[in-house]
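The values are calculated or read from the model by the stated rules, or taken from the named source; none is laboratory data. Keep in mind that what you see is a predicted model, and the values were worked out from it rather than measured. In this analysis, Cβ positions are derived from the backbone assuming ideal geometry, glycine residues included, and neighbour counts consider all displayed protein chains. The accessibility values were calculated without ligands, DNA or RNA, using every heavy atom of the protein model including side chains. Shrake-Rupley method; radii C 1.70, N 1.55, O 1.52, S 1.80 Å.
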Amino acid sequence: MEGKEISRAVVKRLPRYYRYLGELLESGVERISSNELSDQMQVTASQIRQDLNNFGGFGQQGYGYNVKYLHSEIGKILGLDRSYNVIIVGAGNLGQALANYVQFEKKGFLVTGLFDVNPVLQGIAVRGIPIRMSEELPTFLKENQVDIAALTLPKANAREMADVLVENGVRALWNFAHTDLHLPEHVIVENVHLSESLMQLSYNLNRYNQQHKKQ
């Protein structure tokens with residue numbers, strides 16, 4: 001598996017496998033077949049087997065998958081067997097909502113810093129984390145290990161702040177700003193464009209409405 005290029009489509013499905021397997025664990029399910037998992041996830045059993053074979057398979061013919069083991073192994077593949085220090089740059093409504101979302105911490109993503117340019121927000125604590133001013137960011141990054149930075153700020157500021165983060169050693173950005181970032185290849189960027197997702201939903205709703213008008 002080492003060095004093997006895994007398609008983005010497979011990587012996008014891994015968190016879903018992890019979530020569904022976690023729900024099965026909570027329900028006391030000890031083992032499951034690819035067909036049973038297929039029924040729950042709306043992904044073909046063949047696709048599930050192909051996806052998991054990228055990482056070694058994990059199943060036994062005639063037995064299926066051990067739910068606890070598979071959940072643990074997918075967690076390791078996703079890097080969830082360790083914790084990550086996360087900062088949020090942009091402490092408006094979205095930034096504070098992310099900081100307040102306790103599920104991140106349960107998955108090992110620990111919010112250790114909040115930053116903003118608005119002096120009105122300075123010192124306000126969100127879940128015990130004080131909001132700092134953006135000019136403090138370089139010093140904070142030098143003094144603290146930061147694995148991931150979430151950008152929840154206007155696009156006019158996003159590129160400048162992304163450059164500051166990269167220059168100070170941050171290698172993974174979770175970008176909620178309404179702009180694409182052009183950064184060095186060694187920097188990992190995951191874009192989350194909420195408006196684009198909403199427009200896709202709007203398209204699908206409009207298409208559904210048009211089809212049902214014809215009937």
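Structural remarks
- Available extension along the chain between Arg8 and Gln42 is 10.4 nm, counting 0.36 nm per residue and deducting the alpha carbon span.
- GluC sites (Glu not before Pro) within the range 141-215: DSSP coil, no more than 16 neighbouring Cβ in 10 Å: Glu185
- When only Cα pairs below 8 angstrom with a gap of at least 6 residues are kept, the chain shows a relative contact order of 13 percent.
- Cβ-based charge dipole, the range 27-146, positive-most Cα from Leu114, Gln42, Phe55: Phe55
- Over the residues of the chain, the helix contribution to mean residue ellipticity at 222 nm works out to -14500 deg cm²/dmol, using -39500 (n - 2.57) for each DSSP H run of at least 4.
- Mean Kyte hydropathy of -1.0 or more with a Cα span along the axis of at least 30 Å, helices from DSSP in the chain: none
- Entries in Lys12/Lys107; Lys76/Lys142; Lys68/Lys106; Lys106/Lys155; Lys12/Lys142 that, when Cα-Cα distance is taken, lie over 26 Å: Lys76/Lys142; Lys106/Lys155; Lys12/Lys142
- Label-point gap, in nm, between Gln145 and Glu190 - each point 7 angstrom along Cα→Cβ: 1.9
- Gain on full stretching of the segment that runs from Glu135 to Tyr63 - 0.36 nm per residue minus C-alpha separation: 20.2 nm
- Our note on the geometry: Cα centres of the range 42-57 and the range 142-193, 32 Å apart.
- DSSP-loop chymotrypsin sites (Phe, Trp or Tyr not before Pro) across the range 23-84, with at most 12 other Cβ within 10 angstrom: Tyr63
- Our summary gives the range 57-137 a relative contact order of 24 percent, counting only alpha carbon pairs under 8 angstrom and 6 or more residues apart.
- Magnitude of the charge dipole, the chain, Cβ model with Lys/Arg +1 and Asp/Glu -1, debye to 20: 720
- Given a 1.4 Å probe and the protein chains as shown, His212 ends up with an accessible area of around 80 Å².
- Computed from label points 7 Å out along Cα-Cβ, the spacing between Gln103 and Asn85 is 2.6 nm.
- Label-reachable residues, the range 105-135, where backbone N falls under 12 Å from a point 7 Å from Glu160's Cα toward its Cβ: 117-118, 134-135
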